[in-house]
Amino acid sequence: MTAPPRPLAATLPAREAAALLAGSAARAAPVVDGTQRLTGVITPAVLAESLEDDDVAGLTAGDLAQSSGALRESEGLSAGIDLVLAAADTDGLPVVDDEGVLTGWLDTKHVLRWLMASS
């Protein structure tokens, strides 16, 4: 597990979220509420679609965040392997604590290293 990509506040306007994600090397960004609880994940594709919409002025990162699976810290890596491998658009999976607070990011490289060490 690594530190998550820079989380975006759910209240952040969509245009600002697009600018931040466009300037990032991450393929997706977690979206968190005011208490740092994960509300979803947002991708450049979702943001690009929203920027084509005439009503983009009122949209926020929270409005556009897609529900994503998250691995709880207490579950362990083996519980998230299939979810990480299926997360091609985001290149990983958010990791949360038992309260749903974002604590990390599990990417496909971590899963690959774990699988190689386990076999």
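The values are calculated or read from the model by the stated rules, or taken from the named source; none is laboratory data. These figures come from a predicted structure and were not determined experimentally. Cβ coordinates were reconstructed from backbone atoms using ideal geometry, including for glycine residues, and neighbour counts include every protein chain displayed. Ligands, DNA and RNA are stripped out before the accessible areas are found, and what is left, the full protein with its side chains, is counted by its heavy atoms. Shrake-Rupley method; radii C 1.70, N 1.55, O 1.52, S 1.80 Å.
Between Ser118 and Asp98, the FRET efficiency estimated from the beta carbon spacing at R0 = 25 angstrom works out to 0.45. Here is the size of segment 45-92 from its Cα atoms: Rg then Dmax, 14.8, 43 Å.
Segment 72-119 and segment 1-65 have Cα centres separated by 20 Å.
Ordered by packing density, taken as the mean number of other Cβ atoms within 10 Å over each peptide's residues, highest first, how do 78-84, 88-94 rank?
On the way: 78-84: 16.7, 88-94: 21.3.
Packing proxy ranking, top to bottom: 88-94, 78-84.
In this Cβ point-charge picture (+1 for Lys and Arg, -1 for Asp and Glu), segment 79-119 has a dipole of about 280 debye about its Cα centre. In terms of overall dimensions, the C-alpha atoms belonging to the chain reach 52, 26, 19 Å along their principal axes, ordered largest to smallest.
Report, in debye and to the nearest 20, how large the dipole of segment 1-88 comes out about its Cα centre when Lys and Arg carry +1 and Asp and Glu carry -1 on their Cβ.
Numbers: 5 positive and 11 negative charges, 82 e Å.
In total the dipole reaches around 400 debye.
The accessible surface of the chain, taken with every protein chain in place and a 1.4 Å probe, is 52 percent carbon and sulfur.
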